[in-house]
Amino acid sequence: MLGNLIQQTVNALTIGAIYALIALGYTMVYGVLRMINFAHGEMFMLGAYVAFLLLTMLIGDVGAAGAIALTAAFVVAIFVVGIIGVGIERVAYKPLRNSTRLAPMLSSLGVSLSLVTGIQILAGPQPVAFPSFFPSVRYEVLGGTVSSVQIGILVAAFALMFGLHFLVNRSRIGIIVRAVSESRPTAQLLGINVNGAISMVFFVGPLLGAAGGILYASYYGIMSPTMGAVIGLKAFTAAILGGIGSIPGAMLGAFILAFVEVGGTALLPVVTHGVLGTEYRDVLSFAILILVLLVRPAGILGEAVSEESIVYKREF
Amino acid sequence: MSAAGTLTATRPRSGRAVSFLFFAIALALIVATPFLPNYYVRVINSLLIYILLGIGLNIVIGYAGLLDLGFVAFYAVGAYSYALLASPQLDLHWPFLLILLVAACLGAVTGILLGIPVLRLRGDYLAIVTLGFGEIIRIIINNMDWLTGGPKGIARLDKASILGIQVARPIDFFWLLLVTVLVAGVLVWRLERSILGKAWAAIREDQDAARGIGINTTNAKLAAFATSATIGSIAGAIFAASQRFVSPESFTLQESVLIVLMIVIGGIGNILGIVAGAAILMLLPEVLREFAEWRILFLGLLMIFLIIVRPAGIVPRSFGPDKLIRRLFGK
Amino acid sequence: MGKFTATLLLGASLFAAPAMAEEATVGLSAPLSGPQAYFGTTWHNGFKLYVDKLNADGGVNGVTIAYEQEDDKADPREGTLVAQKFCDNDKVVLGLVNFNSGVAQSTLPIYEDCSLPTMTFGSNPSLTKQGYKFMVRPVANDLAGALLPAEYALGKLGAKTALVVNDKQVFGQGISEIFAKNFEAGGGKVLDTIAVAPTDVDFTAVLAQIKPKKPDVIYLGAVMPQLALFAKQMHEQGISATLIVPDGGYTPDLIKQAGEANIQGTLVAIQVPPMDASPAIADFAKLYKAKYGEEAGPYSIYGYVQGQILEQVLKTTKGLKREEINAALHAVKVKTAVGELEFDETGELKVAPSYLYKVEGSDFHLVGQK
Amino acid sequence: MTLAFDRLRKQYGQVVAIDDVTAAFAPGLIHGVIGPNGAGKSTLINMTAGSYSVSSGSITLDGKRLDTLKKYQIANSGVARTYQNIRLFDQMTVLENLEVCFYPADAAGTWKEVMWPPYALARRESRREKCMEILRFFDLQGYADCDAGSLPYGRQRMLEIARALVPNPRVLLLDEPAAGLNHHETAELTARLAAQRLPDRITIIVEHDMDLVMSLCDNIIVMHHGKLLFQGTPAEVQASPDVQLAYLGTANDIDDIRAAAQDRRAQLGIRARRRS
Amino acid sequence: MLGPNGAGKTTLLNSISGVARASAGAIAFEGRDITGMRPEQVVRLGITHCPEGRQIFQRLTVEENLVAAHIGRAGKSFEALRAEAFDLFPVLKERRNSVASRMSGGQQQMLAIGRALMAEPKLLMLDEPSLGLAPKIVHQIFRIILDLSRNGISILLVEQNVQLALECGDYAYLLNTGKVKLHGPAQEMAEHSALSEHYLGGASEAVLHV
């Protein structure tokens, strides 16, 4: 029983860490531009593919890649995807910055569709095996099984999240980004380079997403062109649950969602005496999301903006 | 906002030419369809179903300004109404028109039931919650095997017949769909011009000010959800009758997103825009069928291009059916 | 761009070359884009391989075979459009259609309405029970596909308990239900049936549920890449039950994606004989690699076999009308690369071969057949 | 039979925006609310119209509690308002901006309108006629088919007031109606508002333009730091030393600053002189 | 610069700082045409706009607010400027690590001015610094404004508190409905009867000479 509990906790933490890395990208872009970037799931996918491509160029036989080559590919790939993210913003979203709110969102849908299909054409539609960072070693902890890969993912994800926390809360870049996200006009008035700050966000968000993608591909051992769609939706749900626009919210939302999913799988059949099986897990996740939003319409850590204090004109 | 404003000023002369072109193409299609091979009729039928869905969803998105990403749920409600009431699944074989009525009512009820909890939410939060509802409905359908057949779906649906006339061939469905689309289009257009339509517009423009002039925004929004769901449900019932097989695969999130895209690319809040959007998103992939995956890439890039060039859609909101008629026959 | 030019040239050639002798057109429909494209294309390639060979030899009794290949995206709506396209085209006299049972469900009524005979690939048993007169299924259905592994588990492995996992899709759920029935009929006990979402990639939570139940075998009714993911995570979570998977797992990707160490001993049931089972099959494998530059896909051999069936049909048919082809198709009795095939009155194979493989090292080894 | 505030209070966290305001507004009169920025004038309007919740105290109209009602119910009890920042329905035409105010009355007939064109036509005609009348009163008839958002600023102000008048409200709340208007427009506005003075209408104007307030209002309330500082006729208000202080500061403060300012001038060697 | 709400004062400041674009006419600063420059260029030239309603970054700490305004500037180091600001506003030093939204209105106004000083302005434009503040605090703010001026910073002050503004200012403009109605040396303006009419609608001249 205890073993099972530990097992499930570690499982949930691992999934939550990956969700969090992606949710952060959604929430940062939203914080600064009030825009849902539907192409963000594809940054996750691109991370894995770029890393794979680098490995192929680096050592030829990807299957035999060692930890050092992988780490090198990891670092380069996330930066490459970050730059791709900045480029996409310039081409597909910047022209729409003063347009309706729906326009950049749908433009991002177009970007997402193009990227998935582009990769399908270039790399083939079928899933591809992805090498693991370290040999999978299993540890028995009080009856639960924890694999070295899970530990690795947790360490890497938390390191990145800590890095982001440092960047946002301690660095000058972070101050600028937060200033721009709070009020673009005021930031402009103070002579802050608003475009630079937005580019920064579109660099860091995809970078984290790509990191999530590589960790994910390495954890599960495969990647596919459509891998961003499902996990992107989950991460987006997590970001909304935590309160979109809030960085701690995204992380909290991601872990809550992961625990709900794991808990749903483990407990749904037991609690409902088999009436609702594990197949209703996603229903549970969405139901909890809806309940949370009914109580807190702006998510758990989101700032509830009263309608009277801000003039809401048409959204699209 | 200002971008949308400038688009309202369409130059009358080119507008007239465009009107005639639009009208001529539509008329030519309607006249020619009975003589086309069945494959083309099926493509046009599928186009008409999407136009019908677009008309329904547009009420919520275009008129009332609420981003609904779970519209496909209502489509599913309608489709499964037909599948359950006219198939060996429950061994019920109700007449088509009766089922259509039941589907419409069920759609309205689900619309209101889903609407009540979500209407406090705004914008993106509303979007994700409606998306969640859409997914919940799909998952439930996929898992209630005893009723819906689960992933296997329901096969061998009855052939539909209206007052003794069998509706089974693609061309029969073409006429059925054409009439439905026209009736729904006219009614919805009249609804938009009614006092309720004005109230929706007010809510879309400024919800707080709308309350300030005495509009019960909750009721008005529920009315939007209910009408939109009714149309979606009717479209679902006709879809099921023409496909004679339903399965949860037809009601995924992508389907909802596709309809939203159709509306936005075509011209949000405008029935003519929906026709244009549906034509682009449905016909283009069919025309480019040869190119397999390249066609989807092309579609994605075209989407980005169209939205950047015309963020308010191909047909501006102001160029509605009334203007079309005035341009065609008027002074 | 190259494809575009190719299409233009193809169009031009159609106009340029008037049909000299008689020609029979076959409509091919399967997922050619999206995640299942690999199965669709390699299956069709097997068919094209045989037909091209026939045409090169001057056709069958002077009749050459043309084919029109369309993408159904594994989507029922696309499938019906393609079906209608074939129906409308009078030249099409036979359909080689629909990899997915779900798509076949919605296209079969259309083919039936226009009397176009089809060789359907969807393996759901219910397809042949709906009274369609114009279809045959030249491949074992899931009833057969899930019988052999159940017998093997009970008999050879001595398994007493099984746990069934399915992906709540038509194929996965259907075949795992049949396995469970066969397993219980043979005296085994099914401990539990667990459903996962078709989009799931993480099974750790499910596996943690399974672990304390300690089943002897786990039957996983799903498709790739879930099969590989499940196998990998199952091993990592320290579950030692024997994993049995259906035909989707019969691909080198299973071993590559799961990792060789994680997949050892896994059983794969499929209707396909091993590539070295007979000289005819070995021959086919060589030809395929020579023509397409890659190993044959899991269903390529069936495409090839369908070509052989078609050859026999053209030999015995009275004419090239759809009805005549249909009659010949239902009456066909032909020796193919996978053995002698003939259909019963519902269009089902009278004797459907099925095979069971075990993963050993980086290869599949035949451990049973029926 | 009046609009009455009873010990009204509004608090945001620690900040008290309105502090124990009790006042009554009689029908047939135009009431002005003045005071320095941040004194809580707009908050009063927003609470009356239901845009802000009331922290404690009550608002009653003809003895009926308003503060417990929802915003649209308050509007339907006869309270109409304009906003400090104009809030029109920008992408609806001028006429539609007014027409939509008939929704509370006509909503029940929507389906009849959709199904029976002659009825729809008749309803629309009758609505349009009433709206055009109001538009003509504000000299806006020429803009009837323009998008409201495209109107010049001054016309938008007028349109917002016109919209508030459509349901013939019992209480009319105007939040800085003259802000941003030029002299001519302000005069026009003053005249129009004077003409809308009805025996049973309570008009409340929050305004900085003293010309308008002093010439139009029958009764003036002066707010200062969330409290009611003074209430009286325009003449009384102008004569009140308290009011002058609130607007212009106390003698001591000024003396202090004056000293500092002179000190600075002395240091920088500036004399009060005309610059070239 | 004086005038009622909506007179166009804020618009004027916005055109100077480059946030809004002038439809016609030109703006010159130190003999240089700055019409149509982007805000960051204007700031670099030494014009800082301290907007109405303070507009400090509520979610940032005091220190971060100051940093945000200094990033990308040449000239004095942040530490030096911060020290100057802390000298001027000791309360900011006390609360340097608290989140700005927790501070009182007066403290926020001080932060807003302190933040504007991070750009080492030659011209500081203050839009209604007394808005919503208690008289005592207003008083304090104005003394600081005088101090700034003494340190050689030109000040363009938009204010509703006429009396204070005229006492402190050297030269005044009265704006209404987008036009300059009156202008002149502050002390002359204070005696002008038209001014009092604008504020109290025909009040006696005596009001201004309390």
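The values are calculated or read from the model by the stated rules, or taken from the named source; none is laboratory data. In this text the structure is predicted, and so the values were computed from the model without any measurement. Don't worry about glycine lacking a Cβ; one is built from the backbone with ideal geometry, like all the others, and counts go over all protein chains shown. These accessible areas exclude ligands, DNA and RNA; they are computed on the full protein's heavy atoms, side chains included. Shrake-Rupley method; radii C 1.70, N 1.55, O 1.52, S 1.80 Å.
Along Cα→Cβ, 7 Å out, is where each label goes; now give me the distance between the ones at residue D:184 and residue A:5 in nm to one decimal.
8.1
Short version: ³J(HN,Hα) in whole Hz for each residue of the range C:300-305, in order, from phi by Karplus 6.51 cos²θ - 1.76 cosθ + 1.60 (θ = phi - 60°), x for Gly and Pro, what are they?
Taking θ as phi minus 60°, the curve returns 4, 4, 6, x, 4, 5 Hz for the range C:300-305.
Quick check: pseudo-label points 7 Å beyond the Cα along Cα→Cβ at residue B:162 and residue D:239, how many nm apart are they?
Once both label points are built, they end up 8.2 nm from each other.
Just the projected area, averaged over all directions, of the convex hull on the alpha carbon atoms of chain B: how many nm²? Walk me through the numbers on the way to the answer.
Numbers: hull surface 71.0 nm².
Its average projected convex-hull area is 17.7 nm².
Find the Cα radius of gyration of the range D:86-168, compare it with 2.2 N^0.38 Å by division, and give the number to two decimals. Write out the running numbers ahead of the final one.
Values: Rg = 12.9 Å, N = 83, 2.2 N^0.38 = 11.8 Å.
So the Cα radius of gyration is 1.10 times the expected 2.2 N^0.38 Å.
Residue E:125's amide H: which non-local residues (gap 5+, or another chain) put their own amide H closer than 5 Å, with H modeled 1.01 Å from N in plane and none for Pro or chain starts?
Those qualifying (amide H under 5 Å, at least 5 residues apart or on another chain) are E:48, E:49, E:50, E:156.
In Å, what Rg and Dmax follow from the Cα atoms of the range A:20-136?
16.0, 50
Could you please tell me the mean projected area of the C-alpha convex hull for chain C, averaged over all directions and given in square nanometres to one decimal? Intermediate values should be presented prior to the final figure.
Numbers: hull surface 73.0 nm².
For the Cα atoms of chain C, the hull's average projected area reads 18.2 nm².
What are the radius of gyration and Dmax of the protein assembly as shown, computed over its Cα atoms and given in Å?
Using the Cα atoms of the protein assembly as shown, the pair Rg, Dmax is 37.2, 120 Å.
Compute the Rg to Rh ratio over the range B:110-230 from the alpha carbon atoms, using the Kirkwood formula for Rh, and round to two decimal places.
1.08
Need one number: the % of Cα-Cα pairs in the range D:25-165 sitting beyond the 18 Å mark.
It works out to 65 percent of all Cα pairs.
Tell me, what is the FRET efficiency for residue C:367 and residue D:111 to the nearest 0.05, using R0 = 60 angstrom and their Cβ-Cβ distance as r? Please list the in-between numbers first.
On the way: r = 70 Å, r/R0 = 1.17.
Computed FRET efficiency for residue C:367 and residue D:111 comes out at 0.30.
For the range A:2-312, report the convex hull volume of the alpha-carbon atoms normalised per residue, in Å³, without decimals.
147
Along the charge dipole of the range A:2-312, Cβ charges K/R +1 and D/E -1, which of A:225, A:266, A:47 sits furthest on the positive end?
A:47
Place a +1 charge on the Cβ of each Lys and Arg in the range B:37-252 and a -1 charge on the Cβ of each Asp and Glu, then give the dipole magnitude about the Cα centre in debye, rounded to the nearest 20. Before the final figure, lay out the partial values.
Working: 15 positive and 12 negative charges, 54 e Å.
For this selection, approximately 260 debye.
Using the charge dipole of chain B (Lys, Arg: +1 at Cβ; Asp, Glu: -1 at Cβ; taken about the Cα centre), state which of B:118, B:85, B:274 has its Cα farthest towards the positive end.
Positive-end residue among those listed: B:274.
Reachable aspartates and glutamates from residue C:156, Cα under 13 Å, same-chain residues fewer than 8 places away excluded?
C:216
For residue C:161, list long-range residues whose amide hydrogen, built 1.01 Å from N in the peptide plane, is under 5 Å from its own amide hydrogen.
For residue C:161, whose amide H was placed from the backbone, the distant partners under 5 Å are C:189, C:216, C:217.
Using a 7 Å offset from the Cα along the Cα-to-Cβ direction at both residue E:78 and residue B:290, what is the distance between the two label points in nm, to one decimal?
6.1
In deg cm²/dmol and to the nearest 500, what is the mean residue ellipticity at 222 nm of chain D if only DSSP H runs of at least 4 residues count, each as -39500 (n - 2.57), divided by the residue total?
The helix-only estimate for chain D comes to -12000 deg cm²/dmol at 222 nm.
Which semi-axis lengths, in whole Å and largest first, follow from the square roots of five times the eigenvalues of the Cα gyration tensor of the range E:5-111?
Each semi-axis is √(5λ); the values are 29, 18, 11 Å.
With θ set to phi - 60°, apply the Karplus curve 6.51 cos²θ - 1.76 cosθ + 1.60 along the range C:68-76 and write out the HN-Hα couplings as whole Hz, x wherever there is a Gly or Pro.
With coefficients 6.51, -1.76 and 1.60, one gets 10, 9, 10, 8, 9, 6, 6, 10, x Hz.
Can you work out the PRE-style zone for residue A:173? Point 7 Å along Cα to Cβ, and I want the residues of the range A:78-119 with backbone N under 16 Å.
A:78-87
Which FRET efficiency, nearest 0.05, do residue B:35 and residue B:179 yield, Cβ-Cβ r, R0 25 Å?
E between residue B:35 and residue B:179, to the nearest 0.05, is 0.85.
Please report, in whole Å³, the volume per residue of the convex hull around the C-alpha atoms of chain D.
Dividing the Cα hull volume of chain D by its residue count gives 183 Å³.
Treating only the Cβ atoms of Lys and Arg (+1) and Asp and Glu (-1) as charged, compute the dipole magnitude of the protein assembly as shown about its Cα centre; round to the nearest 20 debye.
It works out to roughly 1680 debye.
Per 10 Å bin, what percent of the C-alpha pairs of the range C:144-297 does each bin hold, from zero upward?
Final binned percentages: 11, 39, 33, 13, 3, 0.
Place a point 7 Å from Cα of residue E:122 in the direction of its Cβ. Which residues in the range E:4-39 have their backbone N less than 13 Å from it?
Residues passing the 13 Å test: E:28-34.
Charges only on Cβ, +1 for Lys and Arg, -1 for Asp and Glu: so what's the dipole of chain D about the Cα centre, in debye to the nearest 20? List each step's numbers first, then the result.
Working: 32 positive and 32 negative charges, 73 e Å.
Here chain D has a charge dipole of around 360 debye.
Give me the net charge for the shell around residue A:266: Cβ to Cβ below 12 angstrom, other residues only, Lys and Arg +1, Asp and Glu -1.
Its environment carries a net charge of +1.
Across 5 Å bins from the origin, how do the percents of Cα pairs in the range C:255-370 run, short distances first?
2, 11, 16, 19, 17, 14, 10, 5, 3, 2, 1, 0
Using the Cα centre of the protein assembly as shown as origin and beta-carbon charges of +1 (Lys, Arg) and -1 (Asp, Glu), tell me which of D:60, A:251, C:301 is placed farthest towards the positive end of the dipole.
Final value for the positive-end residue is D:60.
Of the peptides C:333-339, A:108-114, B:162-168, B:235-241, how do they stack up when ordered by the mean number of other Cβ atoms within 10 Å, highest first?
Answer by packing, highest mean first, reads B:235-241, A:108-114, C:333-339, B:162-168.
Sequence-distant or interchain residues sharing an amide H contact under 5 Å with residue C:69, placed H: which?
C:28
How many square angstrom of accessible surface are buried between C and A, both sides summed, with a 1.4 Å probe and rounding to 100?
Using a 1.4 Å probe, the pair buries roughly 2400 Å².
Using θ = phi - 60° and the Karplus relation 6.51 cos²θ - 1.76 cosθ + 1.60, list the HN-Hα couplings for the range C:230-245 in order, rounded to whole Hz, with x at every Gly or Pro.
3J(HN,Hα) across the range C:230-245, in whole Hz: 5, 4, 4, 5, 4, 5, 5, 8, x, 9, 9, 4, 7, 8, 10, 10.
Using only the Cα atoms of chain E, construct the convex hull and provide its projected area averaged over every direction, in square nanometres to one decimal.
Across all orientations, chain E yields a mean hull projection of 12.0 nm².
Using a Förster distance of 60 Å, how high is the FRET efficiency between residue A:75 and residue B:218, based on the Cβ-Cβ distance and rounded to 0.05?
With a Förster radius of 60 Å, E is 0.70.
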